[in-house]
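First up is the structure itself, then whatever we jot down about it.
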Amino acid sequence: MKYLKKAIFTEIDTVNDRIIEIRRDLHKHPELSGQEEHTSSFVKGILEASGYIIKEFDDHFGLIADLKIDDSVKTVAIRADMDALPILEQTGKEYASEVEGIMHACGHDSHTAIALGSAMALSKFKDKLHGNIRFIFQPSEESKDGGSTEMIDGGCLDGVEAIFGLHAYPYLNTGQIGFKYGVMMASADIFTIEVFGISAHGARPHEGVDAILVTSMIVNSLNHIVSRKIDPLHPAVISLGTIEGGKASNIICDHVLLTGTVRTVNESIRNNIPQMMEESIKGVCKSMGATYNFDYKFGQPELINHDEMVDILLNEATSIIGKDNCIDLIDPVMGGEDFSEYLQLVPGAFFRLGTCNKEKQTCIPQHNSRFDVDDDALKVGMKVLSACALKILDKK
């Protein structure tokens, strides 16, 4: 395996310039969740040229790409997401988005390019591999439902024994990776609240039920749940993202719509929060003479890495970039990531790929109009993912 890994790393070095070109091309042509048609076609062409068997879908633009050795041996998977965000790019880079109001502000262009580079390099040594390698190119990671379930329903994990994925991370320097045992990222749920009052003239508020006033009390009450009803040693977030209500300045509002998100890293607390929220909403509405609808949808679960897979990740990354460049992230973050759905079904590990280079201005947070990835990080991602895949296939 040592000599095979060295040969694959040499191939990665050889294709690196091409992968940078691919990443920049993808960056120029971003597509929103569910609209990744060009990206999918572009990726498919590269994979087919490298000898992969491609599975496409009728209802979305995801791809499953197999480098198949033998159905009787192991299969390891590597996942990349492909969608962009509705943000107007302001990086000023020569490869900036050419699509008005859409950009790769989260690094999915780099994830796709890294997976393609790994796929190209590994395909050169198909005859020497001890198992099958599958690449999952996933759509709609940024959508509220997440594209991972579509890929799982389409069979992307069939026969897979382990899975690895990464995410560009501007909080670590280029040349570093971040790892985490156990819970790495929060669950991500969404909710909708409708408050129904009674309209009246703005000069005669006593004749109506003011849905805006009721809503303001609900907002205040919901914000007390985390601070007063949940153990402070277990992080949780309840955030209201939108409030819509009212038709005119002189009419007592009779309907308000609120939407928001809940993030937790404890499944028991997660399951209790909807009841806590409804108790607060119901109590306020009853006291004010209003009614309500409350809809709570459980989204992606916590992202929980498997210890054995993190061991493999850490050992392989250490041999590539050195122990000092492998950063223990220690605490989970409250962001969500639908890679968690894969980890519910298959052992695996997700890690952060450092992309911060101050001279190149690539230390800007994700979902920002000036976000960009340092292309020097791509090679690190390719080598770590490829090494992890090889280790799984080589395990007895």
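Is there any pair with a first residue in the range 44-57 that is free of Cβ contacts under 8 Å to residues at least 24 places away in the same chain and a second that is of a type in the set (Val, Ile, Thr) whose Cβ atoms are under 8 Å apart and which are 6 or more apart or on different chains, and what are they?
Partner pairs satisfying both residue conditions: Lys44/Ile54; Glu48/Ile54; Ile54/Ile64.
Quick grid of which residues meet (1) acidic (Asp, Glu); (2) in the same structural domain as Gly197 (by TED's automatic domain parsing); (3) under 23 Å from Val195 (Cβ atoms):
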{"site": "Ile225", "(1), (2), (3)": "no, yes, yes"}
{"site": "His255", "(1), (2), (3)": "no, yes, yes"}
{"site": "Leu258", "(1), (2), (3)": "no, yes, yes"}
{"site": "Ile269", "(1), (2), (3)": "no, yes, no"}
{"site": "Ala290", "(1), (2), (3)": "no, yes, yes"}
{"site": "Asp295", "(1), (2), (3)": "yes, yes, yes"}
{"site": "Leu313", "(1), (2), (3)": "no, no, no"}
{"site": "Glu316", "(1), (2), (3)": "yes, no, no"}
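Name the residues in the range 1-42 that are in a helix (DSSP H, G or I) and of a type in the set (Gly, Ala, Ser), would you?
If the condition is that a residue be in a helix (DSSP H, G or I) and of a type in the set (Gly, Ala, Ser), then Ala7, Ser40, Ser41 are the ones that fit.
List the number of the failed condition for Arg228; all other conditions in (1) surrounded by 20 or more Cβ atoms within 10 Å (Cβ to Cβ); (2) farther than 30 Å from Pro365 by Cα hold.
Status for Arg228: all satisfied but (1).
Have a look at Tyr169, Tyr181 and point out the one that is more than 15 Å from the chain's Cα centre (by Cα) and either assigned by TED's automatic domain parsing to the domain that holds Val310 or of a type outside the set (A, V, I, L, M, F, W, C) (or both).
Tyr181
Buried (at least 16 other Cβ atoms within 10 Å of the Cβ), more than 18 Å from the chain's Cα centre (by Cα), part of a strand (DSSP E or B) and not assigned by TED's automatic domain parsing to the domain that holds Arg270, is that true of Ile327?
Yes, satisfied.
Given the criteria under 19 Å from Phe350 (Cα atoms), surrounded by fewer than 24 Cβ atoms within 10 Å (Cβ to Cβ) and over 13 Å from the mean Cα position of the chain (by Cα), does Ile87 qualify?
The answer is no for Ile87.
Just checking, which of Ile152, Ile190, Ile133 is surrounded by 22 or more Cβ atoms within 10 Å (Cβ to Cβ) and either outside the structural domain of Glu11 (by TED's automatic domain parsing) or of a type in the set (A, V, I, L, M) (or both)?
Within the list Ile152, Ile190, Ile133, the selection yields Ile133.
Could we say that Leu240 is outside any helix (DSSP H, G or I) and aliphatic (A, V, I, L, M) here?
When the stated conditions are applied, Leu240 passes them.
For residues that are β-branched (Val, Ile, Thr) and in contact with a Pro (Cβ under 8 Å, 6 or more places away or on another chain), scanning just the range 329-362, find the one that is farthest from Asp81 (Cα to Cα).
That would be Thr362.
Select from the range 330-376 the residues that are out of contact with any helix residue (DSSP H, G or I) (no Cβ under 6 Å at 6 or more places or on another chain), charged (D, E, K, R) and not in a strand (DSSP E or B) and list them in ascending order.
Once the filter is applied, which keeps residues that are out of contact with any helix residue (DSSP H, G or I) (no Cβ under 6 Å at 6 or more places or on another chain), charged (D, E, K, R) and not in a strand (DSSP E or B), the range 330-376 yields Asp331, Glu337, Lys358, Glu359, Lys360, Arg370, Asp372, Asp376.
Please go through the range 330-363 and pick out each residue that is buried (at least 17 other Cβ atoms within 10 Å of the Cβ) and among the β-branched types (Val, Ile, Thr).
If the condition is that a residue be buried (at least 17 other Cβ atoms within 10 Å of the Cβ) and among the β-branched types (Val, Ile, Thr), then Val333, Val346, Thr355, Thr362 are the ones that fit.
The values are calculated or read from the model by the stated rules, or taken from the named source; none is laboratory data. Small disclaimer: the values here were computed from a predicted structure and weren't measured. In this analysis, Cβ positions are derived from the backbone assuming ideal geometry, glycine residues included, and neighbour counts consider all displayed protein chains.
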